[in-house]
Each structure stands twice: as C-alpha cells, then as structure tokens.
1. Could you check, for the stretch 137-155, whether at least one of its residues is of a type in the set (Ser, Thr, Tyr) and under 20 Å from the mean Cα position of the chain (by Cα)?
2. Check Glu167, Glu184, Glu199 and return the single one that is among the acidic types (Asp, Glu) and at pLDDT 95 or above.
3. Please verify whether Glu182 is charged (D, E, K, R), touching a residue at least 12 places away in the same chain (Cβ under 8 Å), outside any strand (DSSP E or B) and out of contact with any His (no Cβ under 6 Å at 6 or more places or on another chain), treating the condition exactly as stated.
4. In the stretch 23-43, which residue that is of a type in the set (Ser, Thr, Tyr) and touching a residue at least 12 places away in the same chain (Cβ under 8 Å) is nearest to Ala122 (Cα to Cα)?
5. Answer yes or no: is there a residue in the stretch 96-109 that is free of Cβ contacts under 8 Å to residues at least 40 places away in the same chain and on the phi > 0 side of the Ramachandran plot.
6. Please work out if Ile60 is in contact (Cβ under 8 Å) with a residue 24 or more places away in the chain, farther than 19 Å from Met126 by Cα, crowded, with 18+ Cβ neighbours inside 10 Å and of a type in the set (A, V, I, L, M, F, W, C).
7. What number of residues within the stretch 216-232 satisfy the criterion of being surrounded by 15 or more Cβ atoms within 10 Å (Cβ to Cβ) and assigned to a helix (DSSP H, G or I)?
8. Within the stretch 148-163, does at least one residue satisfy the condition of being modelled with pLDDT of 95 or more, surrounded by fewer than 19 Cβ atoms within 10 Å (Cβ to Cβ), of a type outside the set (D, E, K, R) and under 30 Å from Asn193 (Cβ atoms)?
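The values are calculated or read from the model by the stated rules, or taken from the named source; none is laboratory data. Treat the numbers as computed from the prediction; the structure is a model and nothing was measured. Glycine gets a Cβ as well: all are built from the backbone with ideal geometry, and neighbour counts include every protein chain shown.
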Amino acid sequence: MNETIKTQLNHRTIRAFKNQELTDEQKKTLEEVARHTSTSMFLQQFSMLHVTDDEKRAKIREITGQKYVGANGDLFIFVADLYRNSEIRRQLGKDEGALHGTDVFLQAVEDTVLAVQNFVNAAESMGLGAVILGSINNEPKELVKILNLPKMTYPVLGVQVGVPDQEPQLKPRLPLEFISFENEYPHDFSIENLASYDEVVQTYYDLRDANKRIDSFTNQIGSAKLDNRKTHRSQILEVLHEQGLCWK
C-alpha cells in the first residue's frame with residue numbers, strides 16, 4: 001500500500017465544485033500527465049480542449065443535461081485525434097492509409113481514455129476532484145459543431161475538474177469474483193449470485209440527490225438505460241462516418 005494506491009482506492013466522483021478555477025500550475029501539471037500517457041504504436045492520437053468560453057460551456061451543459069458541467073471548476077474535452085496524423089501524411093505526400101479504419105480509430109480511443117484516467121488520477125492526487133463525462137455524446141453532431149472539430153476527430157469524453165465542494169460516499173463496485181478470472185472466462189453466471197451486492201447498492205445514497213434511494217445494480221441493468229431505444233446517441237456511428245472514421 002502506498003499513497004498512489006490509497007488515492008485510487010479512495011476514488012469518488014465529484015459533481016459539486018467550489019467557485020474557483022485551476023491555477024496555471026495545476027492546469028499545466030494535469031496536461032503534462034495526460035501528455036505522458038501510454039500510446040498505441042507511438043501514434044499519440046488524442047488531444048485535449050480546455051473549454052473556457054462561457055457560451056460553449058453553456059451549450060455543452062445543455063447537451064449533457066447536467067447542471068455542474070461547465071459551471072464551477074474547469075471543463076476539458078478529450079478528443080480521439082487522427083486529424084494530426086492525417087495531415088502529417090498528406091504533407092509528406094502520402095495518402096491517409098489505414099487512418100479511416102476501425103482498428104486505428106480504436107487505438108485512438110484507447111489513447112484518449114488512458115489519458116483521461118491518468119488526468120483524473122493526477123487531479124485526485126493533488127486534492128482536486130473530477131467527474132468523467134460520457135454525457136458529452138448525448139448529441140454528438142451538435143458537439144462537433146460547438147467545438148469546431150475537423151474531420152478525423154471525435155470527442156470521446158469530457159472531464160469537469162476542480163476543488164471539491166462535497167464529500168460523497170464511496171460507491172460500491174462489483175466484487176472481484178465477478179470481474180477477475182484466471183485463464184478463461186466462466187460461462188456459468190447467475191443473477192442470483194449478485195443478491196448480496198444488490199443489497200449493498202440498495203443502501204447506497206448518491207449525494208446528487210441525498211433523498212433518493214439508489215436502485216439495485218441488477219435493476220439498473222434491466223432498466224431503460226440499456227433498452228433498445230432511439231436517442232441522439234444513436235447518431236454516434238453516423239457522426240463517426242461523417243468525420244471520416246471507422247469506414248472499414
């Protein structure tokens with residue numbers, strides 16, 4: 001056990017921040033940590049956008065439907081970025097090669113997600129708090145316009161980061177026996193084995209609404225969040241194709 005592991009095991013999503021921005025030193029440190037993240041094939045296919053424009057922040061907040069997004073603290077959007085490498089190849093007189101393929105795009109997504117996690121780990125080690133925002137993709141077409149993203153890029157995740165203004169409970173995760181296996185994946189899963197974990201989740205109260213009882217894990221998985229329904233998120237593949245990504 002060391003301080004790094006203690007920080008990681010103590011991870012809590014923060015959704016309420018004090019009314020202060022990151023210092024220049026804090027911002028640069030977090031960006032440098034993200035910059036030094038592992039990268040597939042040394043392609044370095046991600047970029048970060050620090051969103052400071054009030055109008056853009058308000059529009060992104062509307063997309064997410066979460067009032068804390070673009071409010072107190074700082075908002076970053078992490079982008080899978082194949083544009084830079086496509087430009088390098090073009091300026092070298094090369095075609096775009098494999099850059100339109102799903103394989104290379106997934107490598108870019110991996111680079112981006114790893115950078116996000118490193119960014120958040122670093123923020124928490126500095127006494128800051130953060131929330132990772134998959135909700136930026138609620139309206140992918142609109143977000144691409146707001147950020148004026150070029151072809152060959154896609155916004156994967158957002159991060160709101162700042163000085164915490166809450167101390168939420170530690171949210172219970174699935175026990176190791178359900179996620180850590182040796183050599184082969186077991187096929188004998190039964191929902192009944194999650195009964196004890198469901199009880200733990202049912203007693204957990206999320207500070208986003210302290211008076212609302214959080215449902216059990218299995219009920220959440222069976223809820224509308226995974227139902228086959230059409231939303232703006234259904235446009236993700238269409239937007240990827242429009243951006244020149246995942247063509248093959």
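1. Going through the stretch 137-155, the residues of a type in the set (Ser, Thr, Tyr) turn out to be 153-154.
Adding the requirement that they be under 20 Å from the mean Cα position of the chain (by Cα) leaves 153-154.
Scanning the stretch 137-155 turns up at least one residue that is of a type in the set (Ser, Thr, Tyr) and under 20 Å from the mean Cα position of the chain (by Cα).
2. On the way: Glu167 fails: at pLDDT 95 or above; Glu199 fails: at pLDDT 95 or above.
None of the other options fit; the residue is Glu184.
3. Working: charged (D, E, K, R): yes; touching a residue at least 12 places away in the same chain (Cβ under 8 Å): no; outside any strand (DSSP E or B): yes; out of contact with any His (no Cβ under 6 Å at 6 or more places or on another chain): yes.
Here the answer is no, as Glu182 does not meet what is asked.
4. In the first step, residues of the stretch 23-43 are kept if they are of a type in the set (Ser, Thr, Tyr); the result is 23, 29, 37-40.
Next cut, touching a residue at least 12 places away in the same chain (Cβ under 8 Å) only: 29, 37-40.
Values: Thr29: 8, Thr37: 12, Ser38: 15, Thr39: 18, Ser40: 21 Å.
Ranking the candidates gives Thr29 first.
5. Among the residues of the stretch 96-109, at least one is free of Cβ contacts under 8 Å to residues at least 40 places away in the same chain and on the phi > 0 side of the Ramachandran plot, which makes the answer yes.
6. Working: in contact (Cβ under 8 Å) with a residue 24 or more places away in the chain: yes; farther than 19 Å from Met126 by Cα: yes; crowded, with 18+ Cβ neighbours inside 10 Å: yes; of a type in the set (A, V, I, L, M, F, W, C): yes.
It is true that Ile60 is in contact (Cβ under 8 Å) with a residue 24 or more places away in the chain, farther than 19 Å from Met126 by Cα, crowded, with 18+ Cβ neighbours inside 10 Å and of a type in the set (A, V, I, L, M, F, W, C).
7. Residues of the stretch 216-232 surrounded by 15 or more Cβ atoms within 10 Å (Cβ to Cβ): 216-218, 232.
Next cut, assigned to a helix (DSSP H, G or I) only: 217-218, 232.
Residues that pass the stated criteria total 3.
8. No, every residue in the stretch 148-163 fails to be modelled with pLDDT of 95 or more, surrounded by fewer than 19 Cβ atoms within 10 Å (Cβ to Cβ), of a type outside the set (D, E, K, R) and under 30 Å from Asn193 (Cβ atoms).
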